[in-house]
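The values are calculated or read from the model by the stated rules, or taken from the named source; none is laboratory data. Remember, predicted model here, so these are calculated numbers, not experimental data. Backbone-built Cβ (ideal geometry, glycine too); neighbour counts: all protein chains shown. We work out accessible area using only protein heavy atoms, side chains counted, and drop any ligands, DNA or RNA first. Shrake-Rupley method; radii C 1.70, N 1.55, O 1.52, S 1.80 Å.
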Amino acid sequence: MQYLCRCKNFHELAVPTPQTFRRTYAIHAASAPTFQVFNRRTKWLQKERAASHVELSRQADYLKDEVAMRLCERLLDIKRQFPKVLDLGANSCNIARALTRENPDPDPARPVSPPLATRIGELVAADSSHSLLYRDADLSFNDAINITREVLQDEEQLPYAPATFDLVMSSLSLHWINDLPSVLAQINNILKPDAPFLGAMLGGDTLYELRTSLQLADQERKGGISPHVSPLADVRDVGGLMQRAGFKLLTVDVEDIIVDYPDTFALMEDLQCMAEGNAILSREMGPISRDVLLANEGIYRELHGNADGSLPATFRVIYMIGWRESDDQAKPLPRGSGEVNLKDILESK
Amino acid sequence: MTPRSRPIKKFAVAVSHCSGEASLYGKCIVTDYDGVHKDKCLREFIKLKDCYLAASRKA
């Protein structure tokens, strides 16, 4: 405001010729501009399309079901009831399916454990794609869990009040978020104090085989490279991101799932049916040319192929657990407050 | 995805007849993958493409 007034005075007093007057503006940016990597609309279209072919889409759910199951196994360690749970980026409600699985505890000492869904009051499954979200709405697992489906207009703006949920889960959808720091902070905000967030996302070296062989094929056929595989967060970035979003008591770990395919076309077709196709903003539009696909098949097999003729594809899944801060939570002791020398304990054994 | 055979399926079947040529082309690239430039393995690629075109005509 002060700046504007000065301008006005300056104009009245010191500028004799109006044609040389240059007007300047002071603009206050709302926040740091976020770097847009993915086209969210393309991703939405891919999801809608994939879900419109119900059977093919179900067949390609093997990865999402497996990861959802492994993520839900981590819930076994938290002995609590969860009255209200959010599944953010639910895809085809793979987490709901994993929660209703019989006998989830692999402990042989307890032969039968109840499904995790018995500890959950209400599960809100939220996703941007209506077709994918409702694809399995009439299957039997829906009766074993109190599930509400909610279509989100924008997965990067969560429409929930602060401190709404007792648990937030997210399986294999955070890797398509443009502004991950903001979404993680929003998740932290909608959690009740001392409530956990359990997430799984693809990261790091996921699909490095496809990435490298397509790069070589592009380079040799076209003389330049267009991005085909998303840039992904690394394991060490995730810890920092979670901390920045305000989560406490972090646990981050990694698992590689390697799937063998008969050829590169089967791999790419499955990725398409999973709605995990390329949605990078700066990608070359239109399908990959046949020459590049042909070259890619030869290079992939030569560079990464298994001895039995199949082609491996690596999916690196990063699991993260973080807790919303609360006063009655266990906290690390201050630095230098230790009274027992670890060396003494280790050497006496 | 549609009931009729997708073009990519036909493409994949035709390419599968050319595993020998594809392997030769792949070897040519992989022997020096830091120095790949445009048309580095053009001869091998033309052979692969000819084989693919012949195979797709037969199908």
* Structure fact -> Those residues of region B:25-44 which are crowded, with 19+ Cβ neighbours inside 10 Å, of a type in the set (A, V, I, L, M, F, W, C) and either more than 7 Å from chain A (Cβ to nearest Cβ) or in contact (Cβ under 8 Å) with a residue 40 or more places away in the chain (or both) amount to B:Cys28
* To do: Go through region A:195-214 and count every residue that is within 14 Å of another protein chain (Cβ to nearest Cβ) and open to solvent by 20 Å² or more (accessible area, probe 1.4 Å).
  => 3
* Give the residue that is most open to solvent (accessible area, probe 1.4 Å), with candidates limited to residues of region A:273-285 that are at pLDDT 90 or above and out of contact with any helix residue (DSSP H, G or I) (no Cβ under 7 Å at 6 or more places or on another chain). => A:Leu281
* Determine, yes or no, whether A:Ala163 is touching a strand residue (DSSP E or B) at 6+ places or on another chain (Cβ under 8 Å) and open to solvent by 20 Å² or more (accessible area, probe 1.4 Å). => yes
* Asked: So which of A:Gly246, A:Gly298 ends up being within 30 Å of A:Ala195 (Cα to Cα) and either at pLDDT below 90 or not hydrophobic (A, V, I, L, M, F, W, C) (or both)?
  -> A:Gly246
* To do: Considering only residues that are open to solvent by 80 Å² or more (accessible area, probe 1.4 Å) and farther than 13 Å from A:Glu276 by Cα, look in region A:33-61 and name the one that is nearest to the other protein chains (Cβ to nearest Cβ).
  => A:Glu55
* Structure fact -> A:Ile288: passes all of (1) open to solvent by 40 Å² or more (accessible area, probe 1.4 Å); (2) on the phi > 0 side of the Ramachandran plot; (3) within 27 Å of the chain's Cα centre (by Cα) but (2)
* What about A:Thr24, is it assigned to a loop (DSSP other than H, G, I, E, B), over 30 Å from A:Pro106 (Cα atoms), modelled with pLDDT under 95 and polar (S, T, N, Q)? -> yes
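So, of the residues in region A:215-232 that are within 12 Å of another protein chain (Cβ to nearest Cβ) and either touching a residue at least 24 places away in the same chain (Cβ under 8 Å) or assigned to a strand (DSSP E or B) (or both), which turns out to be surrounded by the most Cβ atoms within 10 Å (Cβ to Cβ)?
A:Ala217
Every residue, every condition in (1) touching an Asp or Glu at 6+ places or on another chain (Cβ under 6 Å); (2) open to solvent by 10 Å² or more (accessible area, probe 1.4 Å); (3) assigned to a loop (DSSP other than H, G, I, E, B), yes or no:
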{"residue": "A:Leu86", "(1), (2), (3)": "no, no, no"}
{"residue": "A:Ser92", "(1), (2), (3)": "yes, no, yes"}
{"residue": "A:Ala96", "(1), (2), (3)": "no, no, no"}
{"residue": "A:Pro108", "(1), (2), (3)": "no, yes, yes"}
{"residue": "A:Pro111", "(1), (2), (3)": "no, yes, yes"}
* For residues that are over 21 Å from A:Gln243 (Cα atoms) and either part of a loop (DSSP other than H, G, I, E, B) or in contact with a Cys (Cβ under 6 Å, 6 or more places away or on another chain) (or both), scanning just region A:318-349, find the one that is least open to solvent (accessible area, probe 1.4 Å). => A:Ser337
* Asked: Taking into account only those residues within region A:71-83 that are more than 15 Å from the chain's Cα centre (by Cα) and open to solvent by less than 60 Å² (accessible area, probe 1.4 Å), which is nearest to A:Leu45 (Cα to Cα)?
  -> A:Cys72
